[in-house]
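Encoded as structure tokens, the structure appears first; notes follow it.
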């Protein structure tokens, strides 16, 4: 740490985010090449080995342009948690700071990104009965989780809750049952606690593009992925017989392609591409909500 007037100054960490297909990878590479910096991925799919095409993971050539971290950390059969990522990220950042290397965090995964701005895990103990009820409803399907949470929340779920994600719904139900308190109250208390990176200063930038341009980039990328190996990666994932709730099995692009394969490839490839485009656009909406929630905004077309 540097010192000014006898006071220690916090190290500065650059953070570059934005919706999928906005151009983060190239922007981060240009920055790293300009200053001899390193890149820490903040992508919840890139952590899985073998998920290269569908995750838009930096290619071998791109990774050769600058040191990369946060890639290929787990097998698709594992459930790599945000808490595990935070511990890993902290060690990578501390190492870069100790070596005097600039480092940039880049990616658009909301829960991973939020860890840089606030706490990751709370200390609420979950009784066995609450955990058992939540797990039983999870096994029955997301609609049962939603219905139970709606009953407890007075009929309406918070807008910030991902109501299509069984893992998020299960955790929310566990905490709601364990505490007896509304989810908004639990979240406000949680966000008031210091995060694991509270000792660092951040320089943040969000890359975004006008909707028509971003839709076009998504469409072009989807078709390049399908031509470049996404189907083969999805076939391999199917051979692993993954639990449907695992992140690798739910990732946009892989999920749709595996469904297409399981359906006997009856629909034309273009129909699959359009389905991936649609769900990728849904992901963009969720990412933008995360950016607004974290106070991150971007002027359109600001691509550096």
Of the residues 229, 155, which single one is out of contact with any strand residue (DSSP E or B) (no Cβ under 8 Å at 6 or more places or on another chain), without any contact (Cβ under 8 Å) to a residue 24 or more places away in the chain and surrounded by fewer than 16 Cβ atoms within 10 Å (Cβ to Cβ)? 155
Which of the following residues is assigned by TED's automatic domain parsing to the domain that holds residue 157, without any contact (Cβ under 8 Å) to a residue 60 or more places away in the chain and more than 23 Å from residue 82 (Cα to Cα): 175, 181? 181
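Table: residues versus (1) modelled with pLDDT under 90; (2) in the same structural domain as residue 20 (by TED's automatic domain parsing); (3) in a helix (DSSP H, G or I).
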{"position": "261", "(1), (2), (3)": "no, no, yes"}
{"position": "264", "(1), (2), (3)": "no, no, no"}
{"position": "270", "(1), (2), (3)": "no, no, yes"}
{"position": "274", "(1), (2), (3)": "no, no, yes"}
{"position": "278", "(1), (2), (3)": "no, no, yes"}
{"position": "284", "(1), (2), (3)": "no, no, yes"}
{"position": "298", "(1), (2), (3)": "yes, no, no"}
{"position": "301", "(1), (2), (3)": "yes, no, no"}
{"position": "304", "(1), (2), (3)": "yes, no, no"}
Hey, among the residues in the stretch 23-52 that are under 15 Å from the mean Cα position of the chain (by Cα) and assigned to a loop (DSSP other than H, G, I, E, B), which one's farthest from residue 249 (Cα to Cα)? 42
Regarding the stretch 193-215, can at least one residue be identified that is surrounded by 12 or more Cβ atoms within 10 Å (Cβ to Cβ), more than 30 Å from residue 26 (Cβ to Cβ) and more than 21 Å from the chain's Cα centre (by Cα)? yes
Residue list for the stretch 53-69, restricted to those being farther than 22 Å from residue 245 by Cα and either touching a helix residue (DSSP H, G or I) at 6+ places or on another chain (Cβ under 7 Å) or assigned to a strand (DSSP E or B) (or both): 58, 62, 65, 66, 68, 69
Filtering the stretch 197-218 down to residues that are touching a helix residue (DSSP H, G or I) at 6+ places or on another chain (Cβ under 9 Å), farther than 18 Å from residue 108 by Cβ and modelled with pLDDT of 95 or more yields none
In the stretch 88-114, how many are in a loop (DSSP other than H, G, I, E, B) and touching a residue at least 40 places away in the same chain (Cβ under 8 Å)? 5
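The values are calculated or read from the model by the stated rules, or taken from the named source; none is laboratory data. Here the structure is a predicted model, which is why all the values come from computation and not from measurement. Note that we place each Cβ from the backbone using ideal geometry, even for glycine, and neighbour counts take in every protein chain shown.
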